[in-house]
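All of the numbers you see were taken from the coordinates with simple rules; none came from a lab. These figures come from a predicted structure and were not determined experimentally. In this analysis, Cβ positions are derived from the backbone assuming ideal geometry, glycine residues included, and neighbour counts consider all displayed protein chains.
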Amino acid sequence: MLTLGVESSCDETSVSVVRDGKTVLSNVVLSQIDIHQAYGGVVPEIASREHVKGITYVFDQAMKQAQVQYQDIDLIAVTEGPGLIGSLLIGVNAAKVVAMNYGIPLVGVHHIAGHIYANNIEHDMEFPLLALVVSGGHTELVLMNDHYEFEKLGETQDDAVGEAYDKIARVLGLPYPGGPQVDKRAKEGKPVLDFPRPMIDSKDFNFSFSGLKSHVINLHHNMVQRHEEIIVDDFCASFQDAITDVLVKKTLEASKQYDVKQVIVAGGVAANKGLREKMSKTITHVPVYFPHIKYCTDNAAMIAVAGTFQYLKTHQASDMYLNGSSRLDLTLGA
Ligand code: KG4
Ligand code: ZN
C-alpha cells in the first residue's frame, strides 16, 4: 500500500511517499526556519505564503525521489489539524486536488497522531504502549491499547515543553528555534542552578511548566540587574535537567501503572539529547524508543504512516469537504 503524506501545519512544507506504513520512499521537507528567524518566531501570514510558494515543488520532488506515479498511490493522508489555519489550508487543498484528480481516497490526520506514528518507521508498535508527546504546542502522556486508539492520561496545564524551551532560549539571547540551541549549550554546562521541578510529586499525569519558565526568566533578569556574570551553558543545563526530571519521572510512573509493553517519545523535543539519555537510563523495564532525529520534527512521512493505520482501522475516507482545523481532538482522529 502506497501512501502520499502531506504536512503543512506550521513552518515546514513537506510531502512524502511511504510503503505499508513503514518504508519511507521519499520525505521532502522545505523548512522556513531561516525566514522566521528574523522575527524570533513563526509569523503565520508569512508561513501561509511560503507554503503556497513551495507546495507544488515539494509534491514534484517527493514523487520524483520515490520514483512513483500518482496512479500508483493508494491513499493520500494530509494533516487536518491542529496548527495554523492558513498553513493547514494549503496542504489540505493541495491534497484534495490530487485526490480528486486521480480518484485516490483521502484522509485527514491529527498532527499528534503523526508524531506518535513516526516511531513505527523504525520499531513496530506493540500494545499497550505509552507515548510521551513533547512538541512546540503539546505535552501529554497518551496510552494506546491498539492502533489508532488514543487515551490521554494527562497533559500540560499551561505551556508546552517546546514552547518553554523556545522562551528560555529567547531570554538567553539564543536564536529561534531555541530548543536545539538550549540542548547544545546544556551539554557544555553544569546543572548548578537549583530550578523547580513543577508537579513532579503530583499523583496525576498532568504537567505545568510556566512556573519553571518564570523562575528561570526572573533569575536571569535579577542577575542582569545586579551585573552578575551569566553562564548561559549552566542556565541551559540546569533548565534541561529540571524539565527532563519531570518528564522522565511521570513517564516512568505511568508506564508502570498501566503495565505497558513499550514507551515511545514523540514530537520535536524527542530530538533532545538530554531527554533521550535520561529516559533510556531511567526506564529499563520496557523498551524506550525515539524516532530518528529527522522524523522528530515536522515531516510528512509521519503523516503518511499515521494515515495508513487510520485508514486500515476505520476504512473511512474523507469527502472533498475536508477542511483544516486549528483545534482538533486527538481522540476524534480515530
Ligand atoms: O514537533 P515540532 O516540530 O512542531 C510542533 O508540532 O510543535 O516541535 C517543535 C518544537 C520547538 O519548540 C523546538 O524548539 C523543539 O521542538 N525542539 C527541541 C529540540 N529540537 C526541536 N527542543 C529541545 N531540544 C531539541 N533538541
Ligand atoms: Zn509537530
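As an exercise, identify the chymotrypsin sites (Phe, Trp or Tyr not before Pro) in segment 1-104 lying in DSSP coil whose Cβ has no more than 15 other Cβ atoms within 10 Å. Please report the intermediate quantities before stating the final value.
Details: sites: Tyr39, Tyr57, Phe59, Tyr70, Tyr102; in loops: Tyr39.
Taking segment 1-104 and a limit of 15 other Cβ atoms within 10 Å, the loop chymotrypsin sites (Phe, Trp or Tyr not before Pro) found are Tyr39.
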Check: Can you work out the FRET efficiency for the pair Lys273 and Glu122, with r the C-beta to C-beta distance and R0 = 22 Å, to the nearest 0.05?
Finding: 0.80
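Of the listed pairs Lys64/Lys313; Lys167/Lys203; Lys213/Lys281; Lys250/Lys273; Lys22/Lys184; Lys213/Lys249, which have alpha-carbon separations greater than 22 Å here? Please list the in-between numbers first.
Numbers: Lys64/Lys313 29 Å; Lys167/Lys203 28 Å; Lys213/Lys281 26 Å; Lys250/Lys273 18 Å; Lys22/Lys184 31 Å; Lys213/Lys249 19 Å.
With Cα atoms farther than 22 Å apart: Lys64/Lys313; Lys167/Lys203; Lys213/Lys281; Lys22/Lys184.
Return the percentage of antiparallel bridges among DSSP beta bridges fully within segment 57-154, rounded to the nearest 5 %. Provide the component values of the computation, followed by the final result.
On the way: 9 of 14 bridges.
Given both bridge residues lie in segment 57-154, the antiparallel proportion sits at roughly 65 percent.
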Margin query: To check my understanding: the extent here is largest minus smallest coordinate of the Cα atoms along each principal axis. What are those three numbers for the chain, in Å, largest first?
Written below: 65, 46, 30
Checklist line | Between helix 273-282 and the chain: long-axis angle, C-alpha atoms, 0 to 90°, nearest 10 | finding: 80
Next item on the list: Starting from the Cα of Lys53, draw a straight line to each of the lysines and keep only those under 18 Å, dropping any in the same chain fewer than 8 residues away.
Entry: Lys96
Notebook entry, point to check: Any idea how far apart Val192 and Val224 come out in nm if each label point goes 7 Å out from Cα toward Cβ?
Noted result: 2.2
Notebook entry, point to check: Let a ≥ b ≥ c be the square roots of the eigenvalues of the Cα gyration tensor of segment 125-290; is it rounded (a/c under 1.5), or, if not, prolate (a/b larger than b/c) or oblate?
Noted result: prolate
Next item on the list: Place a label point 7 angstrom from the Cα of Lys261 along the Cα-to-Cβ direction, then list the residues of segment 106-149 whose backbone nitrogen is under 13 Å away.
Entry: 124-130, 144-147
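If you filter segment 186-280 for GluC sites (Glu not before Pro), then keep DSSP loop positions with at most 15 other Cβ within 10 Å, what is left? Write out the running numbers ahead of the final one.
Numbers: sites: Glu188, Glu228, Glu229, Glu253, Glu277; in loops: Glu228, Glu229.
Listed in order of number, the matching sites are Glu228, Glu229.
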